[in-house]
Amino acid sequence: MGSSQSSDSASGNNESSAAGPSTSLPQALGALRAVRDVSVQSAGADDSESQWKERCRREGYRPRDPSKMNKDWRLFYFMCKKRRNLLKNPRAQHGMTDWKILENGGDGWRVEGLRTPHPNETVQQNFMTSFGMCRKSQLIDLEAEGYNPSFMDRFQPEIRISDWYSPRSDCDSEYELRVKLLNHKEESVQTFAPDKIYFGPWNEWTEKWNQITHVFQDYGPGVRYIDFIHGGKDMKFWKGWYGIRVTDSCVEINPAIGS
């Protein structure tokens, strides 16, 4: 369509030039060039969008609702590439840095090396709880992390959370997790809060690492923050750090399905 319009415009200007001096040849050529440039830019944009769509296909990035894509394949691709753990210091590499202590019962939170190897060999530290309730949290600002409100509201990408926890074999303990999706006023939109997990009686459990996971979907518009809270305690009230241990917590935004 762009080429056809360009051709018609040139023909019209040539006819005017033949009839009289009102339109010069340079003016006619300038008009032709302008129309041609717009046509090339439009075709280039379409080609580029097709290329981004093909790139997504090749790398296995499939949108949950293709009807919403239209001209957003480039954005979709980079949001998929942007996927990462939004929690800071999830493996206790930097002590208690980046975590807000909500409760520091007993002898409080502590960081130590692993008693039992983690399935992920790169994990070498964990957070330990004591004989009073210990809870800590992180509040994730999605816009500050690059997920703007229009993207979140339109695509409502999956929000995947996971946490690893382990008891001691010589002491009863409990573990809890609560993750909340919040709006701009930090009011709850949706919450994942499974029942507390109890370990005991004594020596019934090994010290293996257990993982809990959840995926938020179809949560509606308005999500701006994610509040991640977890913790636990030793249930025998022994002085020291005999409670649940946690590490390698994760919160990810994933626009694609099946990845």
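The values are calculated or read from the model by the stated rules, or taken from the named source; none is laboratory data. What you see is a predicted model, and the numbers here were worked out from it, not measured in a lab. Cβ coordinates were reconstructed from backbone atoms using ideal geometry, including for glycine residues, and neighbour counts include every protein chain displayed. Note: areas computed on protein heavy atoms with side chains; ligands, DNA, RNA excluded. Shrake-Rupley method; radii C 1.70, N 1.55, O 1.52, S 1.80 Å.
Things to note:
- Complete set of residues in the range 54-66 that are under 20 Å from E158 (Cα atoms), out of contact with any Ser or Thr (no Cβ under 9 Å at 6 or more places or on another chain) and either assigned to a helix (DSSP H, G or I) or open to solvent by 80 Å² or more (accessible area, probe 1.4 Å) (or both): C56, R57, R64, P66
- So S173, is it open to solvent by less than 10 Å² (accessible area, probe 1.4 Å) and touching a residue at least 60 places away in the same chain (Cβ under 8 Å): yes
- Residue check for G220: within 19 Å of D153 (Cβ to Cβ), in contact with a strand residue (DSSP E or B) (Cβ under 9 Å, 6 or more places away or on another chain) and in a loop (DSSP other than H, G, I, E, B): yes
- Residue check for F151: aromatic (F, W, Y), buried (at least 19 other Cβ atoms within 10 Å of the Cβ) and modelled with pLDDT under 95: yes
- Restricting the range 67-83 to residues that are in a loop (DSSP other than H, G, I, E, B) and open to solvent by less than 80 Å² (accessible area, probe 1.4 Å), the residue that is modelled with the highest pLDDT: R83
- Residue within the range 223-234 that is closer than 26 Å to R57 by Cα and either open to solvent by 20 Å² or more (accessible area, probe 1.4 Å) or not in a loop (DSSP other than H, G, I, E, B) (or both) present: no
- Against the list (1) modelled with pLDDT under 95; (2) closer than 16 Å to S166 by Cβ; (3) of a type outside the set (K, R); (4) open to solvent by 50 Å² or more (accessible area, probe 1.4 Å), the condition G258 fails is (2).
- For the range 135-145, the criterion of being of a type in the set (S, T, N, Q) and closer than 29 Å to W238 by Cβ is satisfied by at least one residue.
- Selection count where residues are out of contact with any helix residue (DSSP H, G or I) (no Cβ under 9 Å at 6 or more places or on another chain) and either closer than 30 Å to Y242 by Cβ or of a type in the set (G, A, S) (or both), scope the range 138-168: 12
- Close Cβ contacts (under 9 Å, 6 or more residues apart or on different chains) running from residues in the range 81-100 that are closer than 30 Å to K53 by Cα and free of Cβ contacts under 8 Å to residues at least 60 places away in the same chain to residues that are surrounded by 14 or more Cβ atoms within 10 Å (Cβ to Cβ) and among the hydroxyl-bearing types (S, T, Y) comprise K81/Y61.
- Matching option when the condition is over 20 Å from N104 (Cβ atoms) and open to solvent by 70 Å² or more (accessible area, probe 1.4 Å), among K239, K208, K196, K180: K208
- Taken across the range 90-99, residues that are at positive phi, among the hydrophobic types (A, V, I, L, M, F, W, C) and surrounded by 12 or more Cβ atoms within 10 Å (Cβ to Cβ) do occur, with at least one present.
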